[in-house]
Amino acid sequence: PVKTLMPITPRPSLVFVRGEGTWLWDEHGEPYLDFVQGWAVNSLGHCPPAIREALNQQASRLISPSPAYFNAPAIELAQLLTQHSGFDQAFFASAGAEANEGAIKLARRFGESSGRFEIITFKRSFHGRTLATMSASGKPAFEPLFEPKVPGFAKATLNDIDSVAALINDRTIAVMIEPIQGEGGVQLATTDFLKELRALTFERDLLLVVDEIQTGVGRTGKLWAYEHADITPDIMTLGKGLGGGVPLSALLATERASCFQYGDQGGTYCGNPLMCAVGLAVVNEVMQPAFLAQVQAHGKYLADQLRALSRRHQLGEVRGQGLLLALDLARESANQIVEIARSNGLLINAPTSSLLRFMPPLNVTRDDIDLAISKLDGAIRTAHELT
Ligand SMILES: *Cc1c(COP(=O)(O)O)cnc(C)c1O
């Protein structure tokens, strides 16, 4: 085992040295079909040509002029994102948690004149690992950690509008929600609930913040997951798939909500042209109607195959949208299946001990899906024979 890296999570002893598209290779040359993809990060797969070209071109032009100056890729990416969403301004950062910190700060800034600062979030939500975003998260495992938490977050129940209404008081400024709780087990906020939430937040003069770090940039088959509910939030955060594998995140806001003043927000790498050039390459490709139609088609195909697998092995439901899918095993065998699948050359993730999550690249092919399903079929059979 590696002793010089801090032990932040149990990791297999594999060392990955190369990636291409849907595939990863370890140091011994063994191939793995990768349905984790950096945690729904590699929108276009490993080392796609579009990203390699963007990095090469931008690296020989300009890497970091300082956030105190404008640069062309940041301006272009902000234009692209705002033109194709309901938002007017963007702030770029590196990690998703940083974008969410920005959203929390923006909401608090917005509420300052009326003395409001509380943000309603949801049980089982996940918003990141900084102190404030851990405090905002409703992940049970975070509860005992790093006390005292940052105050000002109240937790409602997903898809229960009364639980949100009951938490609103004269200090409340915003509601923050993942359209699909990814880490929380691929739990969908229903379309009706999102509509009710938008109506309630309008009525009570609250900002609606969507954390689309996992669901944004085509993952659910639309460019933004909030489009499925036909609502217009005030603030959105992006990360993961936006950079397609490089550290890039974004905070977007409507003109009304975009209220930072000089000195409120910043960061050394915020909006650096190297990462923004990659974001442009990724979004330009994902945005194409034919690309998004294929995400929907392949998402449906993968979901159908998972349902057939579930019937065959008498497992639970298949949940999710687009290419963010989960198979409920209805028993505690997820970690075992993940290990067996890995030894058979398939990488998948278990967000809980009874759930498997699938996050292939958005340009995954039907052949890749068929191969993954057949490897998974074998892994489930082996795991359930053993128990
Ligand atoms: C991954 C994730 C984050 C945190 O992003 P990092 O880049 O790991 O900081 C926040 N919110 C959601 C919904 C996520 O899936």
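Summary of computed values
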read-out	value
Restricting the range 295-321 to residues that are closer than 17 Å to Ala40 by Cα and among the polar types (S, T, N, Q), the residue that is most open to solvent (accessible area, probe 1.4 Å)	Gln296
Pairs where the first residue, in the range 33-55, is more than 19 Å from Leu376 (Cα to Cα) and among the acidic types (Asp, Glu) and the second is away from the ligand (no atom under 14 Å from the Cβ) and open to solvent by less than 30 Å² (accessible area, probe 1.4 Å), C-beta under 9 Å, 6+ apart	Glu53/Ala281
Positions within the range 197-235 being buried (at least 24 other Cβ atoms within 10 Å of the Cβ) and among the polar types (S, T, N, Q), in sequence order	Gln214, Thr215, Thr220
Test for Trp25: is it touching a Pro at 6+ places or on another chain (Cβ under 7 Å) and among the aromatic types (Phe, Trp, Tyr)	yes
Residues (charged (D, E, K, R), farther than 24 Å from Ala250 by Cβ and more than 16 Å from the ligand (Cβ to nearest atom)) located in the range 104-143	Arg116, Glu118, Glu143
Among residues of the range 328-346, those that are within 17 Å of Asp34 (Cβ to Cβ) and either aliphatic (A, V, I, L, M) or part of a strand (DSSP E or B) (or both), counted	5
Test: residue in the range 46-66 that is under 27 Å from Thr130 (Cα atoms), out of contact with any helix residue (DSSP H, G or I) (no Cβ under 8 Å at 6 or more places or on another chain) and open to solvent by 20 Å² or more (accessible area, probe 1.4 Å)	yes
Residues satisfying the stated conditions in the range 247-268, i.e. of a type in the set (A, V, I, L, M) and away from the ligand (no atom under 16 Å from the Cβ)	Ala253, Ala257
Residues that are without any contact (Cβ under 8 Å) to a residue 40 or more places away in the chain, within 19 Å of the chain's Cα centre (by Cα) and open to solvent by 20 Å² or more (accessible area, probe 1.4 Å), drawn from the range 142-196	Leu158, Thr190, Thr191
Test for Gly185: is it more than 13 Å from the ligand (Cβ to nearest atom), in contact with a Ser or Thr (Cβ under 9 Å, 6 or more places away or on another chain) and on the phi > 0 side of the Ramachandran plot	no
Condition check for Phe92: within 25 Å of Val278 (Cβ to Cβ), open to solvent by less than 50 Å² (accessible area, probe 1.4 Å) and within 19 Å of the chain's Cα centre (by Cα)	yes
Boolean, Ile213 is of a type in the set (A, V, I, L, M), without any contact (Cβ under 8 Å) to a residue 60 or more places away in the chain and either assigned to a helix (DSSP H, G or I) or under 30 Å from Ala297 (Cβ atoms) (or both)	no
In the range 101-133, the residues that are surrounded by fewer than 20 Cβ atoms within 10 Å (Cβ to Cβ), more than 13 Å from Ala174 (Cβ to Cβ) and either under 16 Å from the mean Cα position of the chain (by Cα) or of a type outside the set (A, V, I, L, M) (or both)	Ser113, Gly115, Lys123, Arg124, Arg129, Thr130
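The values are calculated or read from the model by the stated rules, or taken from the named source; none is laboratory data. In this text, all values refer to a predicted model and were calculated from it rather than measured experimentally. Ideal geometry is used to build each Cβ from the backbone, glycine not excepted, and the neighbour counts take in all protein chains shown. Side chains included, ligands, DNA and RNA excluded: accessible areas come from the protein's heavy atoms. Shrake-Rupley method; radii C 1.70, N 1.55, O 1.52, S 1.80 Å.
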